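The values are calculated or read from the model by the stated rules, or taken from the named source; none is laboratory data. Computed from a predicted model, the values in this text were never measured in an experiment. Don't worry about glycine lacking a Cβ; one is built from the backbone with ideal geometry, like all the others, and counts go over all protein chains shown. Ligands, DNA and RNA are excluded from the accessible area calculation, which covers all protein heavy atoms including side chains. Shrake-Rupley method; radii C 1.70, N 1.55, O 1.52, S 1.80 Å.
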Amino acid sequence: MTKGYVYLIGAGPGDVRLMTVKGQQCLEIADVVLYDRLVNPLLLETTKPGAELVYCGKLPDRHLLRQEAINDLLVKYALEGKQVVRLKGGDPSVYGRVGEEAAALEEVGVSYEIVPGITAGIGASTYAGVPVTHRDHGASFAVVTGHDKSPTGQPIIDWKGLATGIDTIAFYMGVKNLPYICEQLIEHGRDPNTPVLLVQWGTVGKQKTLTGDLATIAELVQREKFSNPAITLVGDVAKLRTKESWFERQPLFGKHILFGRTTEGRSEIAKELTKLGADVFEYPRFVTREHLDIDVTFHNYDQIIFHSPKSVDWFFAQLREKRIDIRSLQSRFYGASQKSIKAIESFACLGIPVHEMIESDKRLVIGSRNWEEREQKRYELYGEHDFYVSHTDEIIEQSNFTCQRILEENRVDTIVFPSAEAVKVVTEQIKACQETPDSLSKRAEVICFGPETANAAIELGYHVQHVLQEPSKLELVKVLKDIVKQSR
Ligand code: SAH
């Protein structure tokens, strides 16, 4: 049996794109992933199908026991020969207990690597528009805990050295003890007017900030009910904060979108929404299995209807493999969607929309197994026909873990259904998260691409707020921008 291996990885502060390339590569090959509460659940979407996901969210009162249990689990999985990833928020060596985990692995001789990450003190500050050092405002920077294992939880540190020797201080886990922290800094010689910036949920759509100074911030935090996870940045650099940071100014900042998906891969639209600053969760996740080596003939048909670009690719691959010259076929080619038509035309054949189909009794439909099952009505509409399955889109069940965590963290305020099929798939899957169309509609606004999709959603019990009349990326972006503008 191959020996197991453990990667202790920093996931970065939240934005999934802030994970290192090395960390990402390890995550993609992992058999088991043990992840923390502060890790963005969206990162789990890049694990391989079938990977085991273990949530290690800390229960405050069982802190010690949990850490030992986690160490034991790391060792156990590694000894079973697995590739294990321990995924932690920020950097694993900054209040991430990576030292304890590494020691446990050393003790039993398990090989491991530590992959650094962007720590919240830097990530959250930068996304709030504040650099932690600046030639005019701060020459030194310290990372300090706002909570430790002393009986009161109030950190035992060299307050005098900190108050007078360091320009910028980032306190972690410090919200509860903030009155004590400010008091100590002032008492030990720091100017009460020193600017302070708090950043909660830095680098993700939930990011919130609060500004004040050492004398006022504790009261403000209480009034605003500001809570963890938050970084408290103390120092002159904090005055560089503007009303909105570059991150908060992005047009779709603050939007948390669940985007219905029916096939493998990321959609172009979802990528665009992410670029505009939205948090996008494409759900569920699929892997495509092509149907190979099946016995097919194409010469008996005068119409071939393609139900997805993948079906088009499959068809042309079959022609190549069976050495059939396209010119020997007499059939017209129809596409059930714009994308399918485009795919047909990329092979220099004419693609005709299905609604322009004429009568025929020699019809072949090519689509996925899922489509055949889900779209019975459409299927029957074609009357007498043969059907070839080009591929099957299989749902990867572990994306329900991600969905569950996303919903628990209240990270869905908009649901986008690009097709009636997406409505059906999402509704079917979401049951695993104990959600219904009604409960989802209470959490989020529903946007549908076109009336057919909206009807499917309404029929299943969703409350639909927006129906895109001209279903396109452009119109979706426009609607979302309007929603954001109204809420700001
Ligand atoms: N290893 C982590 C820190 C873990 S301690 C890192 O390097 O960032 C947990 C504390 O980190 C939280 O209480 C909070 O103070 C801070 N934190 C983590 N993620 C954060 C985020 N996205 N925004 C603000 N603070 C965060």
Exercise. What share of the DSSP beta bridges in segment 5-118 is antiparallel, in percent to the nearest 5?
Worked result: 5
For this session: Go through segment 250-280 and name the trypsin sites (Lys or Arg not before Pro) that are in a DSSP coil and have 16 or fewer other Cβ atoms within 10 Å of their Cβ.
Result: 266
Exercise. PRE reach from residue 316 (point 7 Å along Cα→Cβ): which of segment 326-361 fall under 13 Å by backbone N?
Worked result: 326, 340-351
Seminar exercise, completed: The pairs in 310/339; 22/48; 48/82; 339/362 lying past 19 Å Cα-Cα in this model are 339/362
For this session: Specify the inter-centroid distance of segment 90-140 and segment 159-228, based on alpha-carbon positions, in whole Å.
Result: 20
Exercise. For the chain, what is the percent of antiparallel DSSP beta bridges, rounded to the nearest 5?
Worked result: 30
Exercise. With every protein chain left in place, what is the accessible area per residue of the chain in square angstrom, probe 1.4 Å?
Worked result: 48
For this session: Pairs of Cα atoms under 8 Å, at least six residues apart: use those to get the relative contact order of segment 342-434, whole percent.
Result: 24
Exercise. When you count, for each residue, the other Cβ atoms within 10 Å and take the mean per peptide, how do 222-232, 469-479, 161-171, 409-419 rank with the highest first?
Worked result: 409-419, 161-171, 222-232, 469-479
Exercise. Just from its helices, what would the mean residue ellipticity at 222 nm be for the chain, if runs of 4 or more DSSP H residues each count -39500 (n - 2.57) and the sum is divided by every residue, rounded to the nearest 500 deg cm²/dmol?
Worked result: -9500 deg cm²/dmol
Problem set entry | Residue (of 231, 262, 245) at the positive-pole extreme of segment 227-266, dipole from beta-carbon charges | 262
For this session: Give me the percent of the accessible area of the chain that comes from carbon and sulfur atoms, probe 1.4 Å, all protein chains in place.
Result: 52
Problem set entry | Electrostatic dipole magnitude of segment 5-118 [Cβ: Lys, Arg +1; Asp, Glu -1; Cα centre; debye, to 20] | 240
Seminar exercise, completed: Taking only the alpha-carbon atoms of the chain, the convex hull volume per residue, in cubic angstrom, is 177
Problem set entry | Test item: Cα-centred dipole of the chain, Lys/Arg +1 and Asp/Glu -1 on Cβ, debye | 880
